[in-house]
Amino acid sequence: MPILTTKNLTKHYGTAPNIIRALDGVDLEVNKGEFVAVVGQSGSGKSTLLHMLGGLDTPTSGTVIVDNHELSQMKDEELTIFRRRNVGFVFQGYNLVPMLNVYENIILPIELDGNKADAPFVDKIIDMLGLGDRHNAMPNQLSGGQQQRVAIARALAAKPSIVLADEPTGNLDTKTSQDVLGALKMTASQFHQTIVLITHNEQIAQLADRVIYIEDGKIKSRGVVPQ
Amino acid sequence: MKNNNTKIIRKITSRTLRANTRRNIFIAIAIALTAFMITSVFSIGLSFYESIRLSGFRFEGIYSHASIMGLTHEQLETLEGLSYVRRVSHSGLVGSAKLPGHEHGVTMFYTCPGTWRHFQTPVFTNIEGRNALAQNEIVLSRAKLSRMGIHQPYVGMEIPLEFTDSLPTHSKTFILSGFYTEFVSTLGGGTPIFVSQAFAESHGLVIAEDTNVNVQFTSFTRANELTRRLANDLGLSEGQYYAAHPAFTRGMDSNPLFTYMIMSVFVAFFMFTGFLLVYNVMYASVSKDVRLYGMLKTLGTTPRQLRRIVNGQVLRLLYLGIPAGLAAAALVSFVLVPAFMGNIATGVVISFSPLIYIGGAMFTLLTTYLGAFTSARKAAQVSPIESTKYAGELAANIKVARSSANGRPHRMAWRNAFRERKRAIIVLISLFLGVTVFTTTVTIVGSADVDNEINYWYDFDFVISGDLDTQICDDFAAQVASINGVTAIHRSTFSMGHIESKMLHGSVYGVDTAWLLEIDPNIANYVDIAAFERGETALRSDRWIRFHETNPGSAFADMHASSEDLPIGTVVELSLSTDQGTSWFTTYVEIGGPIRRVTPVGVGLFYFSFGAPGRRVELLMSNNFLNQHHAPVYRLGVEVRRGADSYVNSALNSILPHGMSVTSTYEARRASEEGMFTLFVMGIGLSAILGIIGIFNFINVIAVGLYVRKRELATLESIGMTKRQMRAMLRWEGAIYWIAIIFASLIAGPGIAYGLYYVVSNQAPTQFPQFVYPLLPIGLVYGVIIILCTITPEIAYRGISKLSMVERLREVE
């Protein structure tokens, strides 16, 4: 049962004759609990695809359906609320809020939604990601790997339908990259989370259940959907 | 979708607030300045206005909105029943009493019982006792008691008086029921003796026909309009004179709409300046934090929540700024108001109206919200994707010249300076306003010519005058003439005059013919000087007439003669008081003139409130003629040697007898100079505030502009732009600002300054005879702006270039 579906998704920039087709008719399905990696060269359209999947940007045409909700039908406010409840993001640049400490950053989407964090659940994530002793640290007191772990914890804390990760190890060394991705995969499988990971690194992509190749805004290979 | 997320929004708001200390200081200052300016201007203005109005009432001796003379019984009854009339007081002449120490008879007036409480106590001070109620009770001013030799009066004191009414002289011992300090012009003789209505009735005085009626309306702001309505409703006939109180027919009260417009312009101006700063600083702050807002939005912060975060920061700064601004305004009102208005003899009213402070706070709140609104909207509309790449705004339609010169610093600067066009324009407007207010102030102050004004209004260096009872005797005149530094003295006589056929009454002043020729050599061309000397020609003063003609439609102006009442060349029968006011004689004079004035000292308006019916006029006759009829010398003009002002001033004050006063060009010059200084300080203060706002804005635009362009500048350096080239580019960016401000100021500045000069010089042509555009101070201000615009980008660049280029490139990634 797909939790994420795109139909004929296109995103064009500029006007003819200088039109740039960042996405050009992408059809994609991701099942619940699946870990999918989208691989492509720089400028292939993979980040644009992720932005569309997360409702951060609006498509030129086509539809994105997340957990039976069509994103293009939603207004800005509605979409933002949907995003904080259903989508967790992990960015290359971590994007932690500099004036909030580790714990506050992790539970931020939950608090923005007016809810109380599921403390045992959040603590479990924090422990699994090895941040147990860094609760009160500020982002500028953490290493790159630690900051990305906080970002992963934040993405998982609200128990979203889907986690979108955009080059999460782009700023990390090999060893740290492996640790972080290992932590992401482990926590996601533990909590049956769906993950879409964007990367240009084949090796990293091999950690996923399925690898999708994208080139010039079109999907070239969809991999094998696990049964 | 409603949920309780107040806590986290509060947390983000307060943390964001804490992370922006410098910005917070700017905004708090902007808020405080706005609150301070709105509140203090209105508070000081209201105090000043109320003090001046109180002064008007106190000089007149009655708190009345309008006066009518000679009403019938029926009219009086109608008057009391009018819906817009709150209170009516009536009073009337009973007779004249001989008081010890007073050479002339002092008029006795009765007042109705309600007059004291509502019409008289507001204008007297140091009141002891109460009004006269019983037949034998009497109320006197301290000045009169003092002249009678009673320096320590008490309520219940016996006052024996000789008085006359329509019957022969009576003697009666009155009981002093009250006494007070008055401010009524001494030349008019001060307030009369007040007796009770019961006393008046016992002497057969009827209430109507012979009485003066004073009226208080339900709304004093419409006194002028209601006075005319009242005249209509009562069907006043000729001879039943009426007038609104001058305090309501002049200045603010005469035209409330205009007053409100002026007030609105002030509020709008201060709100605009406050808005400029709050808007710019907040907008700069949001631009700086655009990545943060984008990130928050990515994580699920809704546009509404983002607006709350931005507005919440401003709201917290309001808690700080508004009380600070209001406190400063209160302090200034209580300290500066008495200092500025200390020379108002009738006392200063310090107005502490809570409404002004509430209004000041509300307008500041509105200003701040308007200023923060756009920034909050910007934060709410931030695109999560765009925010990560944000590097300042690019003006949409800057033409990119395709030439090899684009790498030159000035070309690059030109494109950079107006990237954020809206903010750049606001910086230019605020700095331009600061410079313009400054140039206008120095122009007005520079164009003022105190000497010219003094020479116009004052014929003598010193004028000594007394009241009707204080004749200036020859001994005193000789004493004045012997003071070291006095070069000449001129006597003026005084007589009361009445032209029966025209129902005109007023003052007749006597002058030496030689002196008249001295101050106006052309007068011989249109006045028969020999006839003037013989008393066959009286010159008409145009002081009241000008008031009549420049205020057509004003109820007060109707009290004054117009040029049609007394045309030049007509021969009239003039009754003059003689033998020190004890008898009258009649003579025929031809009306000559007109002349611009006869005395720098106004006659008290009291005459009109309690005096005889008729229009007012002033005439000038020769001393020679009036002397023949024993008219008293009431005024002494003194000319002094240059530089002897200060000495003569103190010498005169030391020999001045009781009941006389001295006015001098020396004091007038000092007062005028003080007034100009006050104007200068206020103008410079205002331009400094505007200038500071402009400078804050400029620093902010440059500093934040460079901050968001950090990566771009690091990139420029990485591809080979030297620090020298970088600095040159930034200097050019500053130069574009100063060139624009100075250019705009040179184009518009003189026009605006001349416009304002034109307005003030029309009001006071003698004070502002010539337009002077002071180049030196304006040049200095231009210099300050050039220095500021040059060094600010330099300092800001130093701030961001402390880190190495690689670190800067990495930091923003």
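Observations on the structure shown:
- Selection count where residues are of a type in the set (K, R), open to solvent by less than 60 Å² (accessible area, probe 1.4 Å) and more than 9 Å from chain A (Cβ to nearest Cβ), scope the stretch B:1-43: 1
- Residue in the stretch A:56-64 that is of a type outside the set (S, T, N, Q), facing chain B (nearest Cβ under 8 Å), closer than 17 Å to A:I3 by Cβ and open to solvent by 30 Å² or more (accessible area, probe 1.4 Å) present: no
- Leading residue by the ranking (surrounded by the most Cβ atoms within 10 Å (Cβ to Cβ)) among those in the stretch A:83-124 that are over 13 Å from A:K159 (Cβ atoms) and touching a Gly at 6+ places or on another chain (Cβ under 7 Å): A:R83
Results for (1) aliphatic (A, V, I, L, M); (2) out of contact with any Phe, Trp or Tyr (no Cβ under 9 Å at 6 or more places or on another chain); (3) at pLDDT below 85, shown as yes or no for each residue.
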| position | (1), (2), (3) |
| --- | --- |
| B:K11 | no, yes, no |
| B:A19 | yes, yes, yes |
| B:T34 | no, no, yes |
| B:Y49 | no, yes, yes |
| B:S55 | no, no, yes |
| B:E60 | no, no, yes |
| B:V85 | yes, no, no |
| B:A97 | yes, no, yes |
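- Each residue in the stretch B:751-789 was checked for being more than 21 Å from B:D451 (Cβ to Cβ), within 25 Å of the chain's Cα centre (by Cα) and open to solvent by 40 Å² or more (accessible area, probe 1.4 Å), and 6 pass.
- Hits in the stretch A:65-85 (condition: β-branched (V, I, T) and within 13 Å of another protein chain (Cβ to nearest Cβ)): A:T80, A:I81
- Going through (1) within 46 Å of the chain's Cα centre (by Cα); (2) within 30 Å of B:M412 (Cβ to Cβ); (3) open to solvent by 20 Å² or more (accessible area, probe 1.4 Å) one by one, B:R724 falls short only on (1).
- Of the numbered criteria (1) under 30 Å from A:T174 (Cβ atoms); (2) over 20 Å from the mean Cα position of the chain (by Cα); (3) at the interface with chain B (Cβ under 10 Å from one of its Cβ atoms), the one A:L131 fails is (3).
- Looking across the stretch A:170-227, the residues that are among the hydroxyl-bearing types (S, T, Y) and at pLDDT below 85 come down to A:T174, A:T176, A:S177, A:T187, A:S189, A:S221.
- Meets criteria (at pLDDT 75 or above, open to solvent by 30 Å² or more (accessible area, probe 1.4 Å) and more than 25 Å from B:N627 (Cα to Cα)) for B:D461: no
- Those residues of the stretch B:330-352 which are modelled with pLDDT of 70 or more, more than 21 Å from B:L318 (Cα to Cα) and open to solvent by less than 30 Å² (accessible area, probe 1.4 Å), in sequence order: B:S333
- Residue within the stretch A:158-176 that is assigned to a helix (DSSP H, G or I) and buried (at least 18 other Cβ atoms within 10 Å of the Cβ) present: no
- Conditions (1) under 23 Å from B:D451 (Cβ atoms); (2) in contact (Cβ under 8 Å) with a residue 12 or more places away in the chain: number failed by B:R709: (1)
- Being at pLDDT 85 or above, surrounded by fewer than 23 Cβ atoms within 10 Å (Cβ to Cβ), within 14 Å of chain A (Cβ to nearest Cβ) and over 17 Å from the mean Cα position of the chain (by Cα) is a property that does not hold for B:R316.
- Qualifying residue in the stretch B:46-53 (condition: surrounded by fewer than 19 Cβ atoms within 10 Å (Cβ to Cβ) and within 14 Å of another protein chain (Cβ to nearest Cβ)): no
The values are calculated or read from the model by the stated rules, or taken from the named source; none is laboratory data. The model shown is predicted, which means the values in this text are computed figures rather than measured ones. We place every Cβ from the backbone using ideal geometry, glycine too, and count neighbours over all the protein chains shown. The area values use the complete protein model at the heavy-atom level, side chains included, leaving out ligands, DNA and RNA. Shrake-Rupley method; radii C 1.70, N 1.55, O 1.52, S 1.80 Å.
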